[in-house]
Structures are given as C-alpha cells and as structure tokens.
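Beneath this line is the structure, given in structure tokens, with notes to follow.
The values are calculated or read from the model by the stated rules, or taken from the named source; none is laboratory data. Only a predicted model underlies this, so the values are computations on that prediction, with no experimental measurement involved. Every residue, glycine among them, receives a Cβ derived from its backbone with ideal geometry; neighbour counts consider all protein chains shown.
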Amino acid sequence: MVSTLVPRTRLPMIKTPFLTALIVLLFSTLNAAAQHHVSVSQAFATQPPYWTWMEPYRDQNVEKFYSNGFWCVDQKTDNNSWGIFYGTIDVSRPFKFSVSLITDRVGQPSAGGGITISSGEWMYFFKVEMQNKAYWIGRWKSAGNVWETLSEQGPGNTSPAAPPLRGLGLTNTLSVEIANQTCTFSVNGTPVFSKAATGGLADLTISVGGVGILNSGSTRIRFQSYELDYYLGEIPLVHDAFKGATKTYMEQLQGPGARYPVISPNGKQLYFIKNVEGTNDDIWVANALTDSTWSDPVNIGAPLNNTDPNNVISVSQDGNELFLWGLYNANGTSRGGGFSTAQRSASGWSVPVEVRNQHQQNRSSTREECLTADRKVMIAARQIDGMNHGGKDLYVSFLQSNGEYGPLINLGTAINSPGNEGGPYLAADGRTLYYTSSATGYGNDDIFVSKRLDDTWTNWSPRVNLGPSINTNAWDSYFTIHPNGKYAYMNTTDGFKGGIYRITLPQDPISRTLLPNPVVIVSGKVYDAKTRQPLSVMISYENLRTSQKIGSAISNPRNGEYSIVLTGGTSYGIYAEHSGYFPISENLPIESVNAFTEIKKDLYLEPIAVGSAIRLNNLFFDTDKSDLRSESTTELQRLVQLLSTYPTMAISIEGHTDDRGSEAHNDKLSEARARAVYTWLVNHNVPASRLSARGFGKRKPVEKATSDEARQMNRRVEFRIVSM
C-alpha cells in the first residue's frame, strides 16, 4: 500500500448534531437513554456539520473545495486522505454507511475512492480501484504504521474484481453494512464482499467511533452525498445533573491548538498548551484573579519549553512542582519521550529531571496522564496488549520507594469500555476521576466521571456521562475542575469554534453527586520567627490518630507561600521543617467537610538558638488532665530527633494554662503536663540531665484573655533552649 497523510496529533472526535434534541428529551425521565434508531442523509453541497478534515484547502499536493453540489478532492500524490464523521455507533445492532461519488481521474491502477471506518486504533478502508475495476479492503494503524490486507487476492495477486463498478465520470454508490456479525461491502447495491466479522474484521463488532470518505492515490473525486443508518446505545446518566450549566468561550485562553487545560489543586494557576509559532506546542500559564477569572496567559518559557512539543500533565498541591511530558537534557533541550518534574526556584523553574517508571509498552499513538495531589499515584491512558478492555484504557501506577512509578494496573470495567478512554483528571479530593470515553456517549469522546470507592484504586463507581449540558455534539475532552467545584474548564469543538471553555457548574444536590467531595485548602506563608523573612521549607502533613505521614508540600522560594489540600474524616498535623530551625507544627481537626473551605495559616519557624522558645502545638491532653494522648506521639518524636541531632542541647519544658481556675490549680496542672513530657522523653532515652520541667500556671500568657481563641493560645506546653 502507499503511504498515508496522517495528522501529527490525534484527530478531534466530532459528533452529530442530529441527535441532540432526541437525547435531551429522553433524559427528562430516565437515568439511561434506551437504544434509538438514527438515520442521516446528507449532501456534500457544503461542509456537512461536525465532519472533520473537510475544510477547503490547497497546496502543491492536493486541492479540496466545494463546487456544484459536490465535495471535490484533486489529489496529485500517491498518499491517502480522508474526511471523517465521528460518532459512537452501537455495534450490537445493525449499521450501514453509504457514499455516492464520481471519479474523474486516477493516476495509477490501484488508485480510487471509498469508505473509511474508525475502530479503536485502526482505520478500516473499503476502496474501489477504477482502472482495475476491482476493490480492496484493509486496515491501518498509525502506531508502527501497520497495514493489513483483509480482502482476498484475485488472479496474479491482483485485487478482487468488482463487476458492478461503473467507469470514470459515472456515479458509484458504495456501502458498508455490519449486521449479524457479518461485514458486507456493496457496489451499486450489489455485494462484492461478505464475510463473518472475525479475525481482522472483529474490531468492527466491538466499537466503531466514526465513518468517512477516502481518497487513495493520485485521484480526482467528487463526493455527492452520504447516508448513515445506525442505533445509538444507552448513555449512563444521572437524571437532571448539571441542568442549567453554562459555558463561556474563554477568548483570553485561545490560540492555535489551544487545549489541555490543567488547574492546579489549589486553584491558583491554569496551565494549557498552544502553538503560536506554528512549530510545536508550548506551555502557557494564567494566574487566578478570582475563582473564575484569570490574568492574561504568558508563555512559561525556557527551560520548560523547547523545540519539541511540551505539556504539563499535573501540578503539585502547592503549585511549586510541575510534571511534564518528555525528557530534558541539562541545558533544557529535549532528549525524547518520558516524564519529568520541575521545581519552582527563586528565579523561575528548574531544568526538568526524569521521573522513572516501569510502564508497559503502549500500542497507542497517543497517551495522557495525571497524578494525585500528593504525587503518590499516577493515572495513565494506554493501550497494552493483553490488558485492555477495548482500545485505549485507563491504568493506575503507584510511586515506589525508589522514586519510580511501578507497573500499570488496569482500572477495570467500571471505567474502561470497548472504546477508547483518555484525558484523565483526578480532582483535588483524590477520589473523583474525570476522563473522556468514545463509548456510550452522544458521539465520540464525551466526558465521564467515576468515584474511587477504596484504596485499591481498582474499585470504582460505574461510569457516568456528564450529560448534554456538559457534553456537546462535538469533540469534548480535557476536563479540569476548580477545587471549589463551581467552575470547570474543558476543550470542545462547538460547531467550528473550538478551544477552551469555562463551565459554571450548578450546585444542587443532584449535580453535587457528580462533583468532587469538598476539600479544605490550608495556605499561608512560612517565615523566620525572628526576622520575618520568608522561607522555602518542606511542609508535611500527617494523620494524628495513626501518626502516618500523608503527604508534603514545598513553600515558594520567592515569597514563602504554601498550600496543602486536605479531606475530612480525621485530625491532621502539619509541620514545617528547615535546617537550623525547629519544626513548627499545627493541628487541624477536620472531622467532616460539608463545603469547600479555605484556611489561612502562616507558620513561623524559630531558629535553633539559646533562648528560643518553641511551642509544641501537637501535644494533646484531656480536659483538666495531664495524661498525654496518643496523638502527641509524632510531636514528641520530633523533639527526640532534635535532641539527638544536637547532643549537647539542654532544654526547659514549660507548661502554661489560661486564666480560668484558681492559681494553685493552674500551677499544679501546668507543672503536671510539663512533667508528663519530661517523663516521656526520659522513657525514650533522653538523659534526664539535659531536661528540666516547670509549670507557670496562668502567669505568662502570650495573648490577652479576651476570647476563647486567645485562651487557647495561652494553654500550651513549650520548650526553651537553655544551652547548646
């Protein structure tokens, strides 16, 4: 076969407008649309709605134009080209696609026109050869440029004859029908090929994502009309979800090839790619002005952008680390495919370094990924031999102790379909996964959602289509959502106006079932407690009940800003640590989260020096008692570590109360609590000679006792460095 003209990136999935009114009506009462018969008949007098690769075009190799009721393609090379109408077809029911065309010129015996069908990673071709008065059936896969012939050969290894075929200048009507597990190719109403859809034809009974017209070789063909008869399968929906959602075309985020929006987990940045210079995709970034408006985007520049296509796949929860497609040399140039990570520095971004993985071979020519906010889990779209449920599936990969991401594990049939899945985005709650799928939608590549049910990452709620308020009759993908759940961004091709759109999401109880669980974003700045200068530090957070570290973030080297994302159900401890400072800790009891919440909390690190007094915020006692609760363990272990790091340090442990109660009672309680810490340290191998304990009762408040909050600040245990 001849070589093919194939676009560099994945074809956009375009869907039929003829289905909209029908589908919207059906979902007013049902959670899933029943199968419906669809019949479309359309002339090529003008560009048919929602076909792609059907725009007028001219260069030295090809001329494409509309004239006198025809779509005319004058192709001067031996390549293949096509126009595609994308739409998911229920292959469990019969479907038929027909095209009427007139061939005016062919440049070689095998040249001709025909029908193409998209199924998974394969493009199927049903072609007639005008000079040979024959036909050819085969398929092509872009990954590896694989060609397979499916029709039988005629005498002398020629293509099989097609007697009903009419000559140059005459109308021929070609049709492909899949019914009863049989594939039939007809010319002018007469079947020339009819075989069981097995072997190489079997994919046509699993999923069909689009149909189209074909020019093969040097030809001049006028396409007159097409007919498509098929059944639309059931669409899994939640009744009335997102009813009233509105879309806004984001003019400031547009540009050539603008796509792949990614919101940082803290909602402060929006990254996307576009191709301004006409060569390769660059990363652009806009900063949040409000939760729904953005600054003008800027090119993120070197070293993240280079001469290869560049893209952000995920952002850390603090916004100070990016995960990127591709590998980088030390000078920022490209060194091929893979994953990399870049850190924000005081002067910009570091040169990305490789993130290694044990991922299996991908048969697909495309891939997408996302990571959890804590970077411990990756979701990846891949096509892997022997592991897929259809075309491209979603997989999970876990971060290993050696810093690599481990082997891919299929997410299962609750998410993956016989079609293609891709464009994963895991919301800030770490449980709600949005992705695209070419199956059970209004056409091809609708946006779906599933929720993780446990920590295996393979148990998910059944996939749900986001419905007609979100998904259009066009290609929809790359859904990303603000952590407050009120706004989302996505790519769509709305008619012929494609680009990035903002969606204002309804917040009614039904819609909320498809939104992420509410989260708490804790943010602020980290300072030196003495100089008030900002610090770049590691901020970790842990489950105080289990003493388990959950994740970490890094404060911005330029201004000390940090943010972390927390979900409800436990009490958290957060602590910031930096060389030369005692780790400062805070506790955040978040038993339940009913709405998106933002907590501002600045952190002040005390330098390790004689005279410094450091409050132990994550020590816990029952009311009016001095017994240390189990949640105190991690804080005490950090104090032991400090004393181990500085073996000559001596400290005074000092207890304080608020102003309520008698002086004698408060002196006794504060002394007992200080002694409890003293005893715990001695029992954990800290020499008693390095420790002392005192209770000051209510005599040394740090706040005027005018409120409960002030009294809480005054109730404390701290240690003071006596000597080094």
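One table, with the values for the structure above:
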| quantity | calculated |
| --- | --- |
| Of residues in segment 476-534 being aromatic (Phe, Trp, Tyr), touching a residue at least 60 places away in the same chain (Cβ under 8 Å) and closer than 20 Å to TYR435 by Cα, the one surrounded by the fewest Cβ atoms within 10 Å (Cβ to Cβ) | TYR487 |
| Any hit, segment 300-309, residues being closer than 20 Å to TYR501 by Cβ and in contact with a Leu (Cβ under 9 Å, 6 or more places away or on another chain) | no |
| Selected residue [within 26 Å of VAL377 (Cβ to Cβ) and not hydrophobic (A, V, I, L, M, F, W, C)] from GLY338, GLY301, GLY332 | GLY338 |
| Positions within segment 197-242 being under 24 Å from the mean Cα position of the chain (by Cα) and under 30 Å from PRO506 (Cα atoms), in sequence order | ILE235, PRO236, LEU237, VAL238, ALA241, PHE242 |
| Of all residues in segment 635-672 being under 49 Å from the mean Cα position of the chain (by Cα), assigned to a helix (DSSP H, G or I) and not polar (S, T, N, Q), the one that is surrounded by the fewest Cβ atoms within 10 Å (Cβ to Cβ) | VAL640 |
| Filtered residues of segment 407-432 (kept if within 19 Å of VAL238 (Cα to Cα), surrounded by fewer than 24 Cβ atoms within 10 Å (Cβ to Cβ) and among the aliphatic types (A, V, I, L, M)) | ALA414 |
| Residue list for segment 452-469, restricted to those being buried (at least 24 other Cβ atoms within 10 Å of the Cβ) and within 18 Å of the chain's Cα centre (by Cα) | ASN465, LEU466 |
| Cβ pairs under 7 Å, 6+ apart, first in segment 349-372 and buried (at least 19 other Cβ atoms within 10 Å of the Cβ), second at pLDDT 90 or above and among the acidic types (Asp, Glu) | ASN357/GLU404 |
| Residue match in segment 696-710 (condition: closer than 23 Å to LEU544 by Cβ and surrounded by 15 or more Cβ atoms within 10 Å (Cβ to Cβ)) | no |
| Selected residue [in contact (Cβ under 8 Å) with a residue 24 or more places away in the chain and either crowded, with 19+ Cβ neighbours inside 10 Å or in the same structural domain as ARG367 (by TED's automatic domain parsing) (or both)] from SER401, SER438 | SER438 |
| Among the candidates ALA693, ALA688, residue that is touching a residue at least 40 places away in the same chain (Cβ under 8 Å), within 24 Å of SER630 (Cα to Cα) and not hydroxyl-bearing (Ser, Thr, Tyr) | ALA693 |
| Hey, ASN517 at pLDDT below 95 and within 30 Å of PHE85 (Cβ to Cβ) or not | no |
| Pick from segment 557-597, criterion assigned to a strand (DSSP E or B) and either acidic (Asp, Glu) or assigned by TED's automatic domain parsing to the domain that holds SER345 (or both), ranking: surrounded by the fewest Cβ atoms within 10 Å (Cβ to Cβ) | GLU577 |
| Which listed residue is within 23 Å of ALA576 (Cα to Cα) and touching a Leu at 6+ places or on another chain (Cβ under 7 Å), from MET713, MET724, MET649 | MET649 |
| Residue under evaluation TYR604, criteria (1) in a strand (DSSP E or B); (2) of a type outside the set (Asp, Glu); (3) buried (at least 19 other Cβ atoms within 10 Å of the Cβ), criterion not met | (3) |
